[in-house]
Each structure stands twice: as C-alpha cells, then as structure tokens.
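K.L.:
Mind having a look at this structure? Questions to follow.
The values are calculated or read from the model by the stated rules, or taken from the named source; none is laboratory data. Since the model is a prediction, treat every value here as computed from it, not as a measurement. Here the Cβ positions follow ideal geometry from the backbone for every residue, glycine too, while neighbour counts run over all protein chains shown.
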Amino acid sequence: MLLQGHNTMFQEQNQQLIVEKISKILDATDPKHAEKLTEMLDGAKKIFISGAGRSKLVGNFFAMRLMHGGYDVSVVGEIVTPSVKAGDLLIIISGSGETQQLIAFTKKAKDIGAKIMLISAKSDSTIGDLADGVFQIGKSELYSKVKGMPMGTVFELSTLCFLEALISHVIWEKGIPEEEMQSRHANLE
C-alpha cells in the first residue's frame, strides 16, 4: 500500500514536469507560426509530411487531422504516396534539421519546385537552409536535458501540441462541422 502511494506521487510529479516543460516551450514559440503555416496549407496543391522516428509519428497525427479538415495530404514513405510536384508543400518535422534521409527528401522536393517548411527545435540547420521557412518550436536553450524526458521527447510532445492547436484553429476558422470531419474518418477500423 505504501509503494502504491509512492508510485501515485511519482506519477503526478512526472505529469506536472511534462506539462510545465511543454508549456514553457509553447510559450516561447512564435504565435505567427500558426498563421503562416495555415496560409501555406491553404496555398498548397497537395501537402506532404515527413519526419523520422517519433517525429514521423507526430507527422502522422498531423496528416490525419489535416485529412479530417479536408486537405489533400500524404505521408512520405507510404506505399500509396503520390509524387511531389511544383506547387505542393513538403512539411519536414525534425528536431535537429540534420537527418540525412530528410535532407535528401528536401533537396528532391526543392528541385521539383515544391515549397518546404521545416518544423524544428533549431533555427539553423541543413534542412532549414534549404527550406522556404523554419518554424522553431520554443527556443534552443529550453531543450537542455530534462529528467524523465529523454532523447527529443520535449520537442516531439511540444510539436504535437502546437500542431493540434493549429488544427483546432483551422477547424474553428473554417467552420468545419464535427460531422463533416467524422465522414472523412477511416471506417475500416
């Protein structure tokens, strides 16, 4: 019984740590990013999203929400992903902006004439130098090692929250009813 009480206290402390850290990151994120990204989404013929590892998972969440919102969106690397073309938008999610595979995707899409947007923890990077814009989530100094949040967790969770808030804004602004989004949701589950 004593151990169970200790685990509950430990869990509450960790939850508070995570919520506070993400809040600090989001508070330090330029609020104009959401408006600019919305403009880029609305101006794209098709939207492609890419990332690696857990950043790819965050991208998958975002792609699904964009699809619910009525956007023509694909996740890079899926077997049914069409080819990128001029006028399309490639969104790269990469904490470092230095992932080699993502650099290759960025170069290819840029050569074709697609717009590139990097969502990253760093303002300067190889992908950032190639991109049409960089949305830095938080400030670099806020990403120091955090007990209980190893290996990029702060970036990924903060980016997920930022993108979910963006989708909430888009849905509200466009007046997309829940029923319309539900009609686009997968029904072979």
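K.L.:
Within segment 42-65, how many residues turn out to be within 18 Å of Asp88 (Cα to Cα) and either crowded, with 20+ Cβ neighbours inside 10 Å or touching a Leu at 6+ places or on another chain (Cβ under 7 Å) (or both)?
P.N.:
Total satisfying the criteria: 9.
K.L.:
Which residues, counting only those in segment 32-50, are within 15 Å of the chain's Cα centre (by Cα) and over 21 Å from Lys85 (Cβ atoms)? First the steps, then the outcome.
P.N.:
Going residue by residue through segment 32-50, those that are within 15 Å of the chain's Cα centre (by Cα) are 33-38, 40-41, 47-50.
Hits for segment 32-50 are His33, Ala34, Glu35, Lys36, Thr38.
K.L.:
Can you pull out the residues in segment 82-109 that are in a loop (DSSP other than H, G, I, E, B) and either aliphatic (A, V, I, L, M) or surrounded by 14 or more Cβ atoms within 10 Å (Cβ to Cβ) (or both)? Full working, then the answer.
P.N.:
Pass one, segment 82-109, residues in a loop (DSSP other than H, G, I, E, B): 82-88, 94-99.
Residues satisfying the conditions are Val84, Ala86, Asp88, Ser94, Gly95, Ser96, Gly97, Glu98, Thr99.
K.L.:
I would also like to ask the following. Would you say Ile112 is surrounded by fewer than 21 Cβ atoms within 10 Å (Cβ to Cβ), without any contact (Cβ under 8 Å) to a residue 60 or more places away in the chain and within 23 Å of Asp42 (Cα to Cα)? Write out each step before concluding.
P.N.:
Values: surrounded by fewer than 21 Cβ atoms within 10 Å (Cβ to Cβ): yes; without any contact (Cβ under 8 Å) to a residue 60 or more places away in the chain: yes; within 23 Å of Asp42 (Cα to Cα): yes.
So Ile112 fits the description; yes.
K.L.:
Within segment 91-112, which residues are more than 15 Å from the chain's Cα centre (by Cα) and within 13 Å of Asp124 (Cα to Cα)?
P.N.:
Initially, segment 91-112 is screened for residues more than 15 Å from the chain's Cα centre (by Cα), giving 98-101, 103-112.
Answer for segment 91-112, where residues must be more than 15 Å from the chain's Cα centre (by Cα) and within 13 Å of Asp124 (Cα to Cα): just Glu98.
K.L.:
Can you tell me how many residues in segment 78-109 are without any contact (Cβ under 8 Å) to a residue 12 or more places away in the chain and among the hydrophobic types (A, V, I, L, M, F, W, C)?
P.N.:
3
K.L.:
Gly87 versus (1) touching a Pro at 6+ places or on another chain (Cβ under 8 Å); (2) at positive phi: which is the lone unmet condition?
P.N.:
Gly87 satisfies every listed condition except (1).
This table checks each residue for (1) in contact with a Pro (Cβ under 8 Å, 6 or more places away or on another chain); (2) surrounded by 10 or more Cβ atoms within 10 Å (Cβ to Cβ); (3) within 16 Å of Ala63 (Cβ to Cβ); (4) at pLDDT below 80.
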{"position": "Leu142", "(1), (2), (3), (4)": "no, yes, no, yes"}
{"position": "Pro150", "(1), (2), (3), (4)": "no, no, no, yes"}
{"position": "Phe155", "(1), (2), (3), (4)": "no, yes, no, no"}
{"position": "Leu160", "(1), (2), (3), (4)": "no, yes, yes, no"}
{"position": "Leu166", "(1), (2), (3), (4)": "no, yes, yes, no"}
{"position": "Val170", "(1), (2), (3), (4)": "no, yes, yes, no"}
{"position": "Gly175", "(1), (2), (3), (4)": "no, no, no, no"}
{"position": "Glu178", "(1), (2), (3), (4)": "no, no, no, no"}
{"position": "Glu189", "(1), (2), (3), (4)": "no, no, no, yes"}
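K.L.:
Restricting the search to segment 9-51, which residues are in contact with a helix residue (DSSP H, G or I) (Cβ under 7 Å, 6 or more places away or on another chain) and of a type in the set (S, T, N, Q)?
P.N.:
Of everything in segment 9-51, those that are in contact with a helix residue (DSSP H, G or I) (Cβ under 7 Å, 6 or more places away or on another chain) and of a type in the set (S, T, N, Q) turn out to be Thr29, Thr38, Ser50.
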